[in-house]
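Report on the following structure.
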Amino acid sequence: MPHNAIYPDDNRCREAFNIVEALIERRYGVPVIISDVADPFTGDLDGAEIKIDHDLPAEEALFILVHLFGHTVQWNLSERGRTLGVQQPDPNLSAQRMAELYQYEREAAELSLTLFHDAGIFDFDQWLADFFHCDWSYLVHFYKTAEKRPFKSFWQVGTAALTPMAIPDFTPARWRARWDGVVV
């Protein structure tokens, strides 16, 4: 993934991870578990906890953490969120379904941005936007082809900004693991 001065370095990513992880656990009551996550997954969620693979670079671990937090919020507020969260590849996905999936993914990213801001972290806005757009491009390709190309092959620098979205009150509840779903 191309890096330049707009992206935080590994030390800053580790620092941000620790700050955000503590906030997720303290304020929202969602434990973050660092452990081995079965390949090809890099993280998982079930609505009550977030799992992050122990063998990820700091930058990827941070994105997975904040992104899965966004999906955790969605899963606890909507059955539709839980359904979209396990979308399988299908070359015949309708434009309406793709638009729904885009909104689902973008909302998770915007909740992630608010999480950063609530944690007092304001230097990851462009990094998160670029990660989100890369993730979405990866997912579009995956949904349509079932092919898992290298994630970073979809990276673009300086993508459109995200808008923070207020994190609604929610009560963490275990719904189901995402193991049979899409790596987001």
*Any idea which residue in segment 97-128 is surrounded by the most Cβ atoms within 10 Å (Cβ to Cβ), counting only those that are modelled with pLDDT under 95 and hydrophobic (A, V, I, L, M, F, W, C)?*
Leu101
*Some residue of segment 19-35 being at pLDDT 95 or above, out of contact with any Lys or Arg (no Cβ under 6 Å at 6 or more places or on another chain), surrounded by 16 or more Cβ atoms within 10 Å (Cβ to Cβ) and acidic (Asp, Glu)*: yes
*Name the one entry in Gly47, Gly85, Gly43 that is in contact with a helix residue (DSSP H, G or I) (Cβ under 9 Å, 6 or more places away or on another chain), surrounded by 14 or more Cβ atoms within 10 Å (Cβ to Cβ), closer than 20 Å to Phe151 by Cα and at pLDDT 90 or above.*
Gly43
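Given the criterion closer than 24 Å to Gly158 by Cβ and acidic (Asp, Glu), identify the matching residue among Glu25, Glu49, Glu59. If you could, list the steps in order and put the result at the bottom.
Working: Glu25 fails: closer than 24 Å to Gly158 by Cβ; Glu49 fails: closer than 24 Å to Gly158 by Cβ.
Answer to the selection: Glu59.
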_If Ser94 meets every condition in (1) at pLDDT below 85; (2) over 15 Å from the mean Cα position of the chain (by Cα) apart from one, which number is that one?_
(1)
_Qualifying position, being in contact with a strand residue (DSSP E or B) (Cβ under 7 Å, 6 or more places away or on another chain), on the phi < 0 side of the Ramachandran plot, assigned to a helix (DSSP H, G or I) and not hydroxyl-bearing (Ser, Thr, Tyr), among Ile33, Ile64_ = Ile64
_Of all residues making up segment 14-26, the number that are touching a residue at least 12 places away in the same chain (Cβ under 8 Å) and farther than 13 Å from Ile52 by Cα_ = 6
*Among what's in segment 70-82 and is within 23 Å of Lys144 (Cα to Cα) and over 11 Å from the mean Cα position of the chain (by Cα), pick the residue that is surrounded by the fewest Cβ atoms within 10 Å (Cβ to Cβ).*
Arg80
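The values are calculated or read from the model by the stated rules, or taken from the named source; none is laboratory data. Fair warning: this is a prediction, and the values are worked out from it, not measured in the lab. Glycine also receives a Cβ, built like all others from the backbone with ideal geometry; neighbour counts cover every protein chain displayed.
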